[in-house]
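This report refers to the structure that appears directly beneath it.
We did not get these values from a lab; they are worked out from the coordinates using the rules stated. A quick note: this is a predicted structure, and the numbers were derived from the prediction, not measured. Methodologically, a virtual Cβ is constructed for each residue, glycine included, from the backbone with ideal geometry; neighbour enumeration extends over all protein chains shown.
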């Protein structure tokens, strides 16, 4: 199958997942109905799947993995309020480059800019006339905006949207929930340890989630390809006696051994050993988001 065929299959797969009630956030689909909430950190954890259709030998291969998405209860407006008088200099540091989800239709957008000269009382072209953002949200979503002077967030259209003639999308900070974790949150050891219970699934739980996905997709009555065939038993099983004996030992000079009974990977055990031949890299690349470039100290590398 050529690249266009694979693209069509991925588009159809996205439609099938939407029929299952899964919501697209970024590149992955998540189930808001199965979300867990951690009141200690005011975070919602949405379970979901990352999927892709690829050519595998003479057939198509559907690759699926279990993923999770964090949604915070605070809004972009809350973050602006925390910045106080320095909002114009501090807010861009926390908001630009982040992804927010609107509360009225649960769609996600990337924040590319903040328009300090535009607010919910401003007008925009609408159905041959003009309409304020206040009236638009109240008429279409029955939402009343409290702060009429808050600056608007700007999400720039993607290349394919530009070709369609789409312009910038203006968002009300008050109606935008923050997604993902901040750097401070990721640096909180206790918090990440508590949240790990939602992300680190035991192998049997991961298998159950993938089998359930297989079953739901195969039994979906709304997809347009009723003849689609998915494997009913895609996994290989081993007797418990063999599983209990799984272990790995590495020869000298590493002298490293560990049991795989409670581990889904052995990457965490490798740093405790030594390397066969250590090398000092001279040339290397360091990818990082645009908002972090100004804070990079070249002398620390």
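Observations on the structure shown:
- Potential extension, residue 194-residue 286 segment - 0.36 nm per residue separation minus Cα distance: 30.1 nm
- For peptides 78-88, 170-180, sequence by mean Cβ density within 10 Å, most packed first: 170-180, 78-88
- Cα-projected label distance for residue 61 with residue 296, points at 7 Å along beta-carbon direction, nm: 3.4
- Stretched out straight at 0.36 nm per residue, the stretch from residue 159 to residue 37 would grow longer than its current Cα-Cα span by 40.4 nm.
- Rg to Rh, two decimals, where the stretch 1-89 supplies the alpha carbon set and Rh follows Kirkwood: 1.18
- In terms of overall dimensions, the C-alpha atoms belonging to the stretch 112-221 reach 57, 44, 31 Å along their principal axes, ordered largest to smallest.
- Simple spin-label estimate for residue 44 and residue 112 gives 2.7 nm between the two label positions (7 Å along the Cα-to-Cβ direction from each Cα).
- Contact order normalised by residue count of the stretch 75-182, Cα under 8 Å, 6+ apart, percent: 34
- Per-peptide average of other Cβ atoms within 10 Å, ordering 25-35, 121-131 highest first: 25-35, 121-131
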